[in-house]
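Shown next, in structure tokens, is the structure this report addresses.
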Amino acid sequence: MVLFLQKDMYYFFYFYIMKRLIIFAFLGLSTFAFSQDVKNSPDKGKQKTALIVPAEQAKLEAQKKAAEEKAKLPKPYDPKADAQADINKLVAQAKKEGKNIMIQAGGNWCIWCLRFNDYVQTTPELKEIVDKNYLYYHLNYSPDNKNEKVFAQYGNPGDKFGYPVFIILDKDGKLIKVQQSDVLEEGKGYSKEKVKEFFTTWAPKKG
């Protein structure tokens, strides 16, 4: 009798434990499956896409606007020009006219270079200062003509400051100032007061 009771108790506990294990296993699998469904749910994918798409659209719109702006701006740089010969001629002219030489280094690929040129040419007050005090030259830097020998004479300022960068020579062709352009910027363009101060400061001293 005792033996049968022991066997019954054994089977009872055995089936009880197995039943509990099966229930726990089922609950665990259900939880995992639910979490996977949530992870891979279409709604979550839509949320990610919703975040990415506006950012990409904004970037593309900015690039499109920049390209349209660049296309409309005058292109003052000539990759085919003999820069050294041009500068030599300007030095000879500067001696006669008592002016300094303003070299704006950059390229037609550089929207900030084009913006500065256009800003000066279309702002009468700035253009007057330039015409009165400087001989202006656009020194090209681009993949098809880096003008390495010319830039080397002035310490390769583009490598240090980026473009545009301004190189000012006196009437004898002596370097008197290298000016980075970012300090002249304001918003998406340039500060009239800062540019005016820059031009005025490095104009030749009269008398």
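For the range 105-148, what's the relative contact order in percent, using C-alpha pairs closer than 8 Å and at least 6 residues apart?
Value for the range 105-148: 50 percent.
What is the distance, in nm, between label points placed 7 Å from the Cα along the Cα-to-Cβ direction at Asp78 and at Lys127?
Going from the Asp78 label point to the Lys127 one covers 2.0 nm.
How high is the FRET efficiency between Trp109 and Glu193 when r is their beta carbon distance and R₀ equals 41 Å, given to the nearest 0.05?
0.90
Using alpha carbon coordinates only, what is the Rg to Rh ratio of the range 90-207, with Rh defined as the Kirkwood radius?
Dividing the radius of gyration by the Kirkwood radius yields 0.94.
Suppose every K and R has +1 on its Cβ and every D and E has -1 on its Cβ; what is the size of the dipole of the range 102-188 about the Cα centre, in Debye to the nearest 20?
Working: 10 positive and 12 negative charges, 39 e Å.
Here the range 102-188 has a charge dipole of around 180 debye.
How much length, in nm to one decimal, is gained on full extension between Ser142 and Gln180, taken as 0.36 nm per residue of separation minus their Cα-Cα distance?
Contour length minus the Cα-Cα distance gives 11.9 nm.
No lab work stands behind these numbers, since they all come straight from the coordinates. As the structure is a computational prediction, the values presented were derived from the model and not from experiment. We place every Cβ from the backbone using ideal geometry, glycine too, and count neighbours over all the protein chains shown.
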